[in-house]
């Protein structure tokens, strides 16, 4: 992979970094393709349990689409960004570590992750209305946030700070800038220590809860846990490890 997206492994965690700090980590055509490759690489590596998505530098997580590139190429409909849970599915959790501005497509990148840790310097905004662009990807926000909050954000293009993002439920926690990656790694390692099939089932539960009504969702969830979790080797290993007073050795099967 070239340098616009960096890929690093720390134990069971992959750290994926958009590496265009001089352009506030804006989404270029190269970034789109390299993010897709990074997520493929993470999903295919059975030794990895969690990924962290972040941006290089301390100014921006991602400032959205590279508008200069779009203007130069006269782009109308841009090539698809790999959107987790939409056009790109992976079974393992991804944490957004938002280190600065997360605007437009940057908001989308934070939104598509399973969890979000933000620096005190982070700022969030869906700014497309200010430049005549669209946000079809905002539909899932109506399941994540109150309707009037979403409408306000979409219509005004207003930017909110990290504390406000946490107040409305978009961010899990806010930490000092120096603590951002350590906190994201702490959370990632806490998740990685758990049974991988159960963690993967959480992602499916989130997806089906948005796609199905209560009755259909409960029926699907019961069948999913029966098929994928309760009958697994890990379902035997967990209680056995508890009885033997030792850490479980998960096999993911």
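Any read-out appearing in this document is the output of simple, stated calculations on the displayed coordinates, not a laboratory observation. These figures come from a predicted structure and were not determined experimentally. When we count neighbours, we look across all protein chains shown, and the Cβ atoms used for this are built from the backbone with ideal geometry, even at glycine.
Starting from the Cα gyration tensor of the range 140-253, take the square roots of the eigenvalues, sort them a ≥ b ≥ c, and report rounded, prolate or oblate (rounded when a/c is under 1.5, otherwise prolate if a/b is larger than b/c, else oblate). Oblate, since a/c reaches 1.5 and b/c is not below a/b.
Computed over the range 111-153, the percent of Cα pairs more than 12 Å apart is 69. Of the residues 239, 80, 21, the one that moves most in a GNM of the chain with alpha-carbon contacts below 10 Å is 239.
Given axes a ≥ b ≥ c from the Cα gyration tensor, I'd like to know whether the chain is rounded (a/c under 1.5), prolate (a/b larger than b/c) or oblate. Prolate, because a/c is 1.5 or more and a/b exceeds b/c. Over the chain, dividing the summed -39,500 (n - 2.57) contributions of all DSSP H runs of at least 4 residues by the number of residues returns a 222 nm mean residue ellipticity of -12000 deg cm²/dmol.
Full extension of the chain segment joining residue 30 with residue 208 gains 60.9 nm, where the gain is 0.36 nm per residue of separation less the Cα-Cα distance.
Applying 0.36 nm per residue to the separation of residue 143 and residue 172 and subtracting their alpha-carbon distance, the gain on full extension is 8.8 nm. Helix 233-243 and the longest principal axis of the Cα set of the chain meet at an angle near 70°. Computed from the Cβ-Cβ distance with R0 of 22 Å, the FRET efficiency linking residue 7 to residue 88 stands at 0.85. Normalise the Debye intensity by I(0) for the range 196-243, one equal point scatterer per Cα, no solvent, then take log10 at q = 0.28 Å⁻¹ and round to two decimals. Listed by q, the Debye log ratios stand at -0.99.
Here the Gaussian network model covers the chain, with springs between Cα atoms less than 10 Å apart; of 236, 117, 160, 236 fluctuates the most.
The ranking of 135, 42 by Cβ neighbour count inside 10 Å, starting from the fewest, reads 135, 42. Measuring from centroid to centroid over Cα atoms, what is the spacing of the range 163-234 and the range 22-66 in Å? Their Cα centres are 20 Å away from one another. Between 0 and 90 degrees, rounded to the nearest ten: what's the tilt of helix 29-44 against the longest Cα principal axis of the chain? The angle comes out at about 0 degrees. What angle, in degrees between 0 and 90 and rounded to the nearest 10, separates the Cα long axis of helix 196-211 from the longest principal axis of the Cα atoms of the chain? Tilt of helix 196-211: around 50 degrees. Computed on the chain, with alpha-carbon pairs under 8 angstrom and 6+ residues apart, the relative contact order is 16 percent. Between the beta carbons of residue 233 and residue 44, assuming R0 = 22 Å, the FRET efficiency works out to 0.55 to the nearest 0.05. Take the Cβ atoms of residue 251 and residue 161, set R0 to 30 Å, and the FRET efficiency comes out at 0.10.
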